[in-house]
Ligand SMILES: Nc1ncnc2c1ncn2[C@@H]1O[C@H](COP(=O)(O)OP(=O)(O)OP(=O)(O)O)[C@@H](O)[C@H]1O
Ligand SMILES: [Mg+2]
């Protein structure tokens, strides 16, 4: 009997829910996320402010939406950056192998051996904080994992009969790599991409938590989490809201990745 | 001679013992049907692959000389080589299903050599593909081109491979055990198809098999290989009825009597 892929089902449900919520958040939030109101300072959830208000009296739900949106954007660009560079590096090293492979993969190991937070700290302190630089810092960090997966897929698929046949038809190398091999590697790359989102969300939140990610006044889940620490007991809804959004994002992508990995 | 192989040695750097083929020489005339037989590991596939030089990429060392239609195959550039592959030499393999890209409909796969080697327009290419599908006796060409390999049987996949290999009208078709994975009736159909193509288009066929009785049904001349060497070569009937070498005699004795009667 075929086991149902619950990971995939719940992954899709949660991710779809979060993405729809955040898509709405791009265009509309119940309140201006930056509007302060001293009277509403640290008030709990109520029908008007469903997740309560923060230490400046700003609507937490609106801020979680906006923060989630910027986290999602950063994750998307980070993963895209890592994916595109990683696939190119992995495709060439996997297909050609040999000395090129050895050299590039050792460079990869070097990049990989730095603790990721330390590495991004260095980059961001060199480039300065801000969304764009976070994307660059995290994107660079993501190249090795995508490169490694792509490389192993390419070096596996290049020995398949249909690739040999393509070579025997006179298909040039670039066309073999990107028309014949890449589509057959997509399945594996898809699940890696989903786990990549997962890591990107966490990494972005960590950087913002440390104050080197998204800069004020832009809302950010990581920084909200950092600020809410002070009010952990007086206003637990603050922490729970920001943390909840991160959990939803990570859980959705995580399940999605597992589910995609289980296909076949 | 269309193809002349002289003292071909194939050596692997990563293999203990190193040498897998120890200096084989043979030649093939245009439009000829030549067979290579021998047991597993005899070096049949290596010899055939060497002609297209694909082995170099697996870090094999090729010595000797291979001349094909005026090209010095071991000394042409990679780019030149790609122009010969698919255009002048077609290739079909033992496992037709694995030989097709699982994620590409068969139409584009048959078309690919045309795309690479000719300047035909899209409409002309499509016409050629449909014609090629009809030529290999596949049903409903317009439907078939949109099918994926897993929607076809092994025999149909092999027909697709033949259509693709012959679409540029090459001078040589190398068939490496093309019927081993197919059942007996399909085997017969494929052999007939190959023979018809050879007669219609004058494409030379280099047919590799470990079964001398199959070679006898298709080829006029045969090379017997053992352990990286050619042990005997000559007319198929001659070798089948009066094998000179002891190894060939054993090879013939190994054919089940039933199929001996049918050939
Ligand atoms: N890439 C390779 N590296 C090292 N040795 C190889 C390689 N390819 C083939 N060989 C060796 O060369 C020898 C001949 O192989 P080949 O594939 O030509 O045999 P064959 O006659 O086609 O046999 P079969 O009927 O099983 O296909 C074998 O002993 C094999 O182990
Ligand atoms: Mg073989």
Report task. Please state, as a whole number in µm²/s, the translational diffusion coefficient that the Stokes-Einstein equation yields for segment B:70-137 at 4 °C and 1.567 mPa s, with Rh defined as the Kirkwood radius across alpha carbon pairs. Result -> 94
Report task. Using only alpha carbons, build the gyration tensor for the protein assembly as shown and give me the equivalent ellipsoid semi-axes, biggest first, whole Å. Result -> 64, 24, 19
Requested in this report: Would you please give the FRET efficiency between residue A:110 and residue B:124, computed as 1/(1 + (r/R0)^6) with r the Cβ-Cβ distance and R0 = 51 Å, to the nearest 0.05?
Outcome: 0.45
Report summary line: Expected integer from the mean partner chain Cβ neighbour count at 10 Å over B:79-85 is 3
Query raised in the report: Angle between the Cα long axis of helix B:122-135 and the longest principal axis of chain B, 0 to 90 degrees, nearest 10?
Result: 50
Query raised in the report: Can you give the average number of partner chain beta-carbon atoms within 10 Å of each beta-carbon in peptide B:109-116, as a whole number?
Result: 3
Query raised in the report: If the label point is 7 Å along Cα→Cβ of residue B:14, which residues in segment B:48-73 have backbone nitrogen under 11 Å from it?
Result: B:58-60
Report summary line: Note on chain A: contact order normalised by length, alpha-carbon pairs under 8 Å, 6 or more apart, percent, works out to 29
Requested in this report: Just grab the label-to-label distance for residue A:46 and residue A:233, each label 7 Å out from Cα along the Cβ direction, in nm (one decimal).
Outcome: 2.5
**Report entry** Cα-based convex hull volume of chain B per residue, rounded to whole Å³
**Finding:** 130
Query raised in the report: Rounded if a/c is under 1.5, else prolate if a/b is larger than b/c, else oblate: which is segment A:212-264, with a ≥ b ≥ c the root eigenvalues of its Cα gyration tensor?
Result: oblate
Requested in this report: Would you please calculate the Kirkwood hydrodynamic radius of segment B:23-109 over all C-alpha pairs and express it in Å, rounded to one decimal?
Outcome: 15.0
Requested in this report: Report P(r) for segment A:51-144: all Cα-Cα distances, bin width 10 Å, range 0 to the bin holding the largest distance, values in whole percent.
Outcome: 16, 33, 27, 15, 6, 3, 0
Query raised in the report: How well do other chains shield peptide A:156-162, expressed as the mean number of their Cβ atoms within 10 Å of each residue Cβ?
Result: 4
**Report entry** Relative contact order (%) - chain B, alpha-carbon pairs under 8 angstrom, separation at least six
**Finding:** 26
Query - Rounded to whole Å, sorted largest first: equivalent-ellipsoid semi-axes of segment A:73-262, Cα gyration tensor - result: 38, 18, 12
Query raised in the report: Percent relative contact order of segment A:111-264, based on C-alpha pairs within less than 8 angstrom and at least six residues apart?
Result: 25
Query raised in the report: Helix B:106-117 versus the longest principal axis of chain B: what is the Cα-based angle in degrees, 0 to 90, to the nearest 10?
Result: 80
Query raised in the report: Between residue B:29 and residue A:12, what is the label-to-label distance in nm when each label sits 7 Å out along the Cα-to-Cβ direction?
Result: 6.4
Query - Rounded to 10°, Cα long-axis angle of helix B:184-201 versus longest principal axis of chain B - result: 80
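Quick note: the coordinates plus some simple rules give every number you see, no bench work behind them. These figures come from a predicted structure and were not determined experimentally. Positions of Cβ are backbone-derived with ideal geometry, glycine not excepted, and every protein chain shown enters the neighbour counts.
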